[in-house]
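Shown next, in structure tokens, is the structure this report addresses.
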Amino acid sequence: MAVPAAIATDYSTIRVTPTTGGIGAEIEDVDLRELTDELVCDLKQAWLDYKVLFFRNQQLTKKQHISYGQALGELEIHPFTPNDDTHPELIVLHSTPDRFFAAQTWHSDVTFRKCPPLGSILYGRIIPQWGGDTCFANMELAYELLPDHIKQQVEDLNAVHSMAKTFALRMSESERESAFEKYPDQLHPVVRTHPETGRKSLYVNINFTMRFEGQTEEESAKLLEILYEQAKKPELQCRFHWAPGSIAQWDNRCSQHYAVPDYEGSERRVERVTLVGDKPF
């Protein structure tokens, strides 16, 4: 099955260049410090059209980064990831030669919550000379490219999402108990409907999906592995090469991402604001 290139909308304030035929677009000649209602409207539509937006040469202070996020929606504070000392809305992802960090699995963010995030805006402050790219996958195409018999299997399934495989592993027993009381496992549909476009996407990921409702982890494993593999198809991906002042902005409801861990020994600091989402259906 051929992958269709994205169909461009007519935008009045931005110039849009698709990154690949599968996902993503670069927004050119925009200064995110100078927002207007018309510009924000165009950016929201482009975000829906392409799922991931990229910007270059943005010189944002932390407050300006937050302000841009607030122009798109309400911001949330991550329950576990380190936040900026003076701006709790900002997640700080900072790798140094002594402490390496990369989210090197295909995933959607924080799907163990009842209302996972709508999306995120990641800003590059310190970028290594090479490496540290981020890859993105279109999970609507991931669903569309499934064989028909697999689509039929998953159409009405729900899956259990949990922090047990990720954040909980870093906690003490008492911390885990408290965390699970506040953030118990959640059931989400395996095939999610986008609340703004109505399009269907595959909504399982290896970081947080545990099993299908009514099945054990062992019974779920074979089909889940088939679904996880969909994100790895190159025809539904793009890869973003960072520079200082670059931004990647992804719709967490219909995409997955993967941080390439090829810059160990270098410093990399990126900062993220995240928008409040709604309950998947």
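The values are calculated or read from the model by the stated rules, or taken from the named source; none is laboratory data. Remember, it's a predicted structure, so these values are computed and weren't measured experimentally. Positions of Cβ are generated from backbone atoms using ideal geometry, with glycine treated the same way; all protein chains shown enter the neighbour counts.
Among the residues of segment 9-30, are any within 23 Å of Arg253 (Cα to Cα), exposed (fewer than 15 other Cβ atoms within 10 Å of the Cβ) and in contact with a helix residue (DSSP H, G or I) (Cβ under 7 Å, 6 or more places away or on another chain)?
Yes: segment 9-30 contains one or more residues that are within 23 Å of Arg253 (Cα to Cα), exposed (fewer than 15 other Cβ atoms within 10 Å of the Cβ) and in contact with a helix residue (DSSP H, G or I) (Cβ under 7 Å, 6 or more places away or on another chain).
Among the residues of segment 1-44, write down those that are of a type in the set (A, V, I, L, M, F, W, C), at pLDDT below 95 and in contact with a strand residue (DSSP E or B) (Cβ under 7 Å, 6 or more places away or on another chain).
Once the filter is applied, which keeps residues that are of a type in the set (A, V, I, L, M, F, W, C), at pLDDT below 95 and in contact with a strand residue (DSSP E or B) (Cβ under 7 Å, 6 or more places away or on another chain), segment 1-44 yields Ala5, Ala6, Ala8.
Can you name the residue in segment 189-229 that is of a type in the set (Gly, Ala, Ser) and not in a helix (DSSP H, G or I) and, of all such residues, is farthest from Trp47 (Cα to Cα)?
Among those residues, the one meeting the criterion is Gly214.
For segment 61-107, give me the residue count where each residue is modelled with pLDDT of 95 or more, crowded, with 18+ Cβ neighbours inside 10 Å and over 16 Å from Thr274 (Cα atoms).
Here the count works out to 1.
Which one of these is under 19 Å from Pro189 (Cα atoms), of a type in the set (A, V, I, L, M, F, W, C) and either out of contact with any Cys (no Cβ under 6 Å at 6 or more places or on another chain) or part of a helix (DSSP H, G or I) (or both): Leu122, Leu146?
Leu146
Taking only segment 31-48 into account, find how many residues are charged (D, E, K, R) and farther than 14 Å from Arg15 by Cα.
Taking segment 31-48 and keeping what is charged (D, E, K, R), we get 31, 33-34, 37-38, 42, 44.
Within this subset, residues satisfying the condition of being farther than 14 Å from Arg15 by Cα are 33-34, 37.
Here the count works out to 3.
Mind counting the residues in segment 157-188 that are assigned to a loop (DSSP other than H, G, I, E, B), within 26 Å of Thr216 (Cβ to Cβ) and either without any contact (Cβ under 8 Å) to a residue 24 or more places away in the chain or acidic (Asp, Glu) (or both)? Give the steps one after another, and end with the answer.
We begin by selecting, within segment 157-188, every residue assigned to a loop (DSSP other than H, G, I, E, B); these are 157, 162-166, 171-172, 183-185.
Filter once more, keeping what is within 26 Å of Thr216 (Cβ to Cβ): 157, 162-166, 171, 183-185.
Filter once more, so that each one left must be either without any contact (Cβ under 8 Å) to a residue 24 or more places away in the chain or acidic (Asp, Glu) (or both): 171, 184-185.
Residues that pass the stated criteria total 3.
For segment 229-243, what are the residues that are touching a strand residue (DSSP E or B) at 6+ places or on another chain (Cβ under 6 Å) and farther than 21 Å from His188 by Cβ?
Across segment 229-243, the qualifying residues are Gln237, Cys238, Arg239, Phe240, Trp242.
Please verify whether His161 is over 19 Å from Arg199 (Cα atoms) and in contact with a Ser or Thr (Cβ under 6 Å, 6 or more places away or on another chain), treating the condition exactly as stated.
It is true that His161 is over 19 Å from Arg199 (Cα atoms) and in contact with a Ser or Thr (Cβ under 6 Å, 6 or more places away or on another chain).
From the residues in segment 189-246 that are among the polar types (S, T, N, Q) and surrounded by fewer than 18 Cβ atoms within 10 Å (Cβ to Cβ), which one is nearest to Pro116 (Cα to Cα)?
Of everything passing the filter in segment 189-246, Thr193 is nearest to Pro116 (Cα to Cα).
List every residue pair whose Cβ atoms lie under 7 Å apart, where the two residues are 6 or more positions apart in sequence or sit on different chains, the first residue falls within segment 90-118 and is of a type in the set (S, T, N, Q), and the second residue, located anywhere, is outside any loop (DSSP other than H, G, I, E, B) and buried (at least 16 other Cβ atoms within 10 Å of the Cβ).
Ser95/Arg268; Gln104/Tyr258; Gln104/Ala259; Thr105/Tyr258; Ser108/Gln256; Thr111/His161; Thr111/His188
Answer yes if at least one residue in segment 102-112 is more than 21 Å from Cys254 (Cα to Cα), in contact with a His (Cβ under 9 Å, 6 or more places away or on another chain), not in a strand (DSSP E or B) and not small (Gly, Ala, Ser), and no otherwise.
no
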